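These notes concern the structure reproduced below.
All of the numbers you see were taken from the coordinates with simple rules; none came from a lab. Remember, predicted model here, so these are calculated numbers, not experimental data. Virtual Cβ from ideal backbone geometry, glycine too; neighbours counted across all protein chains shown.
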Amino acid sequence: MKLLSIITPCYNEEDSIADFYAEVMKNEQFFHENGVELEFHFVDDGSQDGTLAAIKALRSGDERVNFTSFSRNFGKESAIYAGLKRAQGDYLVIMDADLQDPPGLLPEMYGFLAEGYDSVATRRVDRKGEPAIRSFWARRFYRLMKKISKVEIVDGARDYRLFTRQVAEAILMMSEYNRFTKGIYGWVGYRTKWLEFENIARRKGETKWSFWRLFSYSLDGITAFSTAPLAVSSFMGVIFCLIAFVFLIIVVVKALIFGDPTDGWPSMVSIILLAAGIQLFCVGIIGQYLAKTYMEVKNRPLYLVKEES
Ligand code: UDP
Ligand code: MG
């Protein structure tokens, strides 16, 4: 018998856990016929509601339900890492607790692994039921990433993936602090099959990602998988030096011919302000990378476990 580990990060999902378990279990028969056993790994990411109690209730009825509970909220990325680390499966799948990653797709996904793919990824083809402004910025972000990053990051890609132990080990090797799973998947490579599905609205509870949280997550994604902003800032530096040089010649020649060095004070102030602004902007970009480096160098653990079973 092979083992399939289902890894689910949960943050304040008390209403979803039982439904999620029931929906996934609908596939039990299929997997059993194919010689695959299921096991669950719920990672309670420091929930303040009854999530942990809901998971424990499941566990008391089913030995195959395992859980890890964090000491506080460490974020979905850390929860995924913790789940991957604990899970023993020959195959592993990462699924959200809110049923936005349809469990009904699992048999089809497994089919591709059996065919010889290493990893089966999913993407949603639309963003139905999502605020328009959020979709707009998400699209922008993916378009930008495509241009500035060497790894492939697919628009609409979900974290919902089924992969082999080999891929899981590769992901675990990337123990970086600033995690961006979508980029990590692309970075490790392997033969990946993409499946598409239509967006499904969250069943219960609400999204944990505010606009600002997503915004800062997108900055994490950019700094983690591209150094293009650094190149842009040095490029801007060169351009401004050139402009300054041209201006210098104009000013000197004007002063020599017309003898009025104080003329043009307003334009001078504008130039100084603009140049200072660009400088601060570029220092800010460098600061972002430095801050990320600082966090990496500290080498803090990705999460702390309070309870596991
Ligand atoms: N999640 C988590 N830690 C967090 C935020 C979210 O483990 O800090 C989990 C959440 O419980 C869910 C999944 O990550 O299982 C996706 O979150 P959500 O559905 O809120 O995101 P959305 O689908 O709206 O992008
Ligand atoms: Mg969701």
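Computed quantities for the displayed model
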quantity	calculated
Dipole magnitude (debye, nearest 20) for the range 121-185, charges at Cβ of Lys, Arg, Asp, Glu	320 debye
Helical segments meeting 18 Å axial Cα length and Kyte-Doolittle 0.5 threshold in the chain (DSSP H)	211-225, 228-258, 265-298
Rel. contact order, % - alpha carbon contacts under 8 angstrom, at least six apart, the range 1-143	32 percent
Beta bridges by DSSP in the chain, antiparallel share as percent, to the nearest 5	30 percent
Net charge dipole size for the chain [Lys, Arg +1 and Asp, Glu -1 on Cβ; Debye, nearest 20]	980 debye
In order through the range 3-10: 3J(HN,Hα) via Karplus (6.51 cos²θ - 1.76 cosθ + 1.60), integer Hz, x for Gly, Pro	10, 10, 9, 9, 9, 10, x, 10
Mean Cβ neighbour count within 10 Å, used as a protection proxy, ranking 9-21, 159-171, 181-193 highest first	9-21, 159-171, 181-193
Neighbour-limited loop hits for trypsin sites (Lys or Arg not before Pro), the range 38-81 (at most 14 other Cβ within 10 Å; DSSP other than H, G, I, E, B)	R72
Long-range amide H partners of D49 with built H, under 5 Å	N12
Amide H contacts of L195 (H built 1.01 Å from N, under 5 Å, at least 5 apart or other chain)	A121, T122, R123
Normalised contact order of the range 151-195, rounded percent, pairs of Cα under 8 Å and 6 or more residues apart	56 percent
Theoretical gain in end-to-end length, K146 to F235 [0.36 nm per residue, Cα-Cα removed]	30.0 nm
Top positive-direction residue, dipole computed over the range 176-259 with Cβ charges, set F180, V238, F225	F180
Subset of K85/K128; K85/K292; K128/K306; K2/K298; K146/K306; K193/K306 violating a 28 Å alpha-carbon distance limit	K85/K128; K128/K306; K2/K298; K146/K306; K193/K306
Unit charges at the beta carbon, dipole of the chain: most positive-side option, L280, S267, V167	S267
Spatial separation of Cα centroids for the range 236-298 and the range 20-69, in angstrom	58 Å
Hits among aspartates and glutamates - C-alpha to C-alpha of K56 under 12 Å, sequence gap 8 or more where chains match	E14, D44, E307, E308
Pairwise label distance in nanometres, A201 with R72, each label 7 Å out on the Cα-Cβ vector	3.5 nm
Rough spin-label spacing in nm, given labels placed 7 Å along Cα→Cβ, for F136 and R86	4.2 nm
